[in-house]
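The structure appears below as structure tokens.
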Amino acid sequence: MADQFRAYLHLLRGQARSQAAYRASFTTDLLSTATGIVFDLLTVVVLFRATRELGGFSLTEALVIVGLSASAFALADTSVGNIDLLGFYVRTGLLDAVLVRPLGVLPQLVLSNVPLRKLSRAGIAVAVLVAALWQAEIEWTPARAALTVLTPLAGAVFFGSIFVGSASLNFWWTDAGEVSKAFTYGGRDLTAYPITVYGAWFRAVFAFALGFGFVGYYPALALLGRADPLGLPPWVGWASPAVAVVAAAAAATVWRAGVRRYRSTGS
Amino acid sequence: MGSVTATGQAIRTREVTDQVRTFSALAAAGFRRYATYRQATAAGVFTNTIFGFLRCYVLLAVAAGAAGGLAAGYDREQLATFVWAGQGMLAVAALWGWAELADRIRTGDVAADLLRPVPPVVSYLAADLGRAGHAGLTRFVPPMLVGALFFDLYEPRRAQTVPLFVLSALLATLACFGCRYLLNCLAYWLLDLRGPMTLWTLASGLLVGLYFPLRFLPGWLCLALWLGTPFPSLLQAPLDVLVERDPPAVQAGIVAVQAVWAALTLAACGWVQRRAERRLVVQGG
């Protein structure tokens, strides 16, 4: 166990060193990734230029939701987001090399390419969350403080499960890359808005059945002390860790089934 | 003398027909190539459709909260059409993900392109138009149908709108190809294009009017983007033409601006390509 841990640590350190070696590339990567989240924020602000409220929420309230969703997504994207290269590994048969090593398949794939530049995104996302919470003048209680810390972490586990689960589709369907994006990046966009804006069936499928509604929207209601316009009780704001656990279990099952199904290209 | 001129004319005519034939053969090959990626096409349609629902619901919520139900002058039907046609146009113009040329430059394969009797800009453009034709059938129509099934879409009222839209979509594809080609050409100088590619993906999504119609921005900024950058010509232009956001004269003016940008970007491609070829020799390629 300790040996395995050391091996993973070596992989991660090697990654960090190789990325820092190309300084100019690293800096442009860092800047362009940071630009991404700035543009996401700009989109929300621009939408509020045209309207005073979105789905019954003010700009400040919407930014609390954006902050929660963006921090969760950025953390997941930094740590396991690169699993979306799985299609390439399966198509080319490169996964063979990973399978023969005496380490876990998923940790190897994830650690072989940790994009440290995406940390800039996570940093900005957390800053946005803090600023939005400040602006929203929340009545702080120990419970709410705990919820503020817990929600992005649970959300990161949830998005990580979405990344792994949707990437696993590649084991069955080698050109599924685009479909995964509907759930990963689509999920990020979906959780950035109050779920009251969506049509009833769309909300039932994505926000409730697939669980995206518990990443940002319900925790934000609990922090802001607002009743749910859709009628769910206040404790739902605390459901995100449980939802994350269920999602992680489902992703693990799909991933295992996929690895077992994998057949090499034979080349 | 007369006969000499006549022969010269005949040769020139044959050259032109040969060039047209080569161009259409390359375009047909581009069409066939994408017709074989059926899984990828289906996956792309699925993803565009999910994002279509997302963006449509959000923009309709903006309209619901806006004064008079008009968001930056668009009514609900216009917004829905804007979103769904935009999801299709995204694939037709192929805003994202084209790095074929950059990869060939990095690996040196581009040397083979330079040996061919057709200039690289022309052969890549022909193949791209074939791809766009395929996308028009398989990537534009399905999201529009889904959109029409779930939302009230805007029906154009002017006779000239549909032909203008087709022309505008073609010009958007040409200008978008120009931008993508120029971006890929950076690889002649930089080799590693990851940073610029990411920046392009992020900036273009916002500035072409995909995330929200550009008219949500302040008027002066919107005008500066239209006239000073090619971005609005890549996506917002055909959509504004389709939903008849402006009076007929402005509608035609939008297409004229697009034509200027398509010409400018394609001319820039030719110029950069010539500079790059000299540069490639310096590298020993």
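The values are calculated or read from the model by the stated rules, or taken from the named source; none is laboratory data. All values reported here derive from a predicted model rather than from experimental measurement. Reconstructed Cβ throughout: ideal geometry from the backbone, glycine too, with neighbour counts over all protein chains shown. Calculation scope for accessible area: heavy atoms of the full protein, side chains included, ligands and nucleic acids excluded. Shrake-Rupley method; radii C 1.70, N 1.55, O 1.52, S 1.80 Å.
Couple of notes before you dig in:
- With the charge dipole of the protein assembly as shown set up from +1 on Lys and Arg Cβ and -1 on Asp and Glu Cβ about the Cα centre, the Cα lying farthest toward the positive end among the listed residues B:Pro230, A:Leu210, B:Val272 is that of B:Val272.
- Average beta-carbon neighbours from other chains, 10 Å sphere, peptide A:74-83: 0
- Euclidean distance between Cα centres, the range B:199-215 to the range A:224-267, Å: 31
- Ordering of A:115-123, B:102-110, A:142-150 by packing [mean C-beta count within 10 Å, highest first]: A:115-123, B:102-110, A:142-150
- Taking the 1.4 Å solvent-accessible surface of chain B as the whole, the part contributed by carbon and sulfur is 67%.
- Paramagnetic reach from B:Val260 (point 7 Å along Cα→Cβ, amide N under 13 Å) across the range B:142-177: none
- Calculated on C-alpha atoms, the gyration radius of the protein assembly as shown divided by its Kirkwood radius gives an Rg/Rh of 0.99.
- Packing, as the average of other Cβ atoms within 10 Å across residues, places the peptides B:240-248, A:198-206 in the order B:240-248, A:198-206, highest first.
- Each Lys and Arg contributes +1 and each Asp and Glu -1, all at the Cβ; summed about the Cα centre of the protein assembly as shown, the dipole is approximately 1260 debye.
- Dipole of the range B:46-112, positive direction: furthest Cα of B:Phe51, B:Ala63, B:Leu95, with charges on the beta-carbon: B:Ala63
- For chain B, adding -39500 (n - 2.57) for each run of n ≥ 4 DSSP H residues and dividing by the number of residues yields -25500 deg cm²/dmol at 222 nm.
- Think of a 1.4 Å ball rolled over the protein heavy atoms: the protein assembly as shown then has 46 Å² of accessible area per residue.
- Over all Cα atoms in the range A:1-64, the spread is summed up by Rg and Dmax: 20.3, 57 Å.
- The phi-based Karplus calculation (6.51 cos²θ - 1.76 cosθ + 1.60; θ = phi - 60°) puts the 3J(HN,Hα) values of the range A:181-194 at 4, 4, 8, 6, 5, x, x, 4, 5, 4, 6, 7, 10, x Hz, whole numbers, x for Gly and Pro.
- Residue mean of other protein chain beta carbons inside 10 Å, B:46-58: 6
- Other protein chain C-beta atoms within 10 Å of residue C-beta, averaged over A:190-197: 3.
- Distance between the 7 Å Cα→Cβ label points at B:Arg33 and A:Ala145: 6.0 nm.
- Residue-wise HN-Hα coupling along the range A:21-37, computed from phi with Karplus coefficients 6.51, -1.76, 1.60 (Hz; x: Gly, Pro): 5, 9, 5, 4, 4, 4, 5, 4, 4, 4, 5, 5, 5, 5, 4, x, 6
- Dipole check for chain A: with +1 at the C-beta of Lys and Arg, -1 at the C-beta of Asp and Glu, and the Cα centre as origin, the magnitude is about 700 Debye.
- Charged-residue dipole, Cβ positions (Lys, Arg, Asp, Glu), chain B about Cα centre, Debye nearest 20: 580
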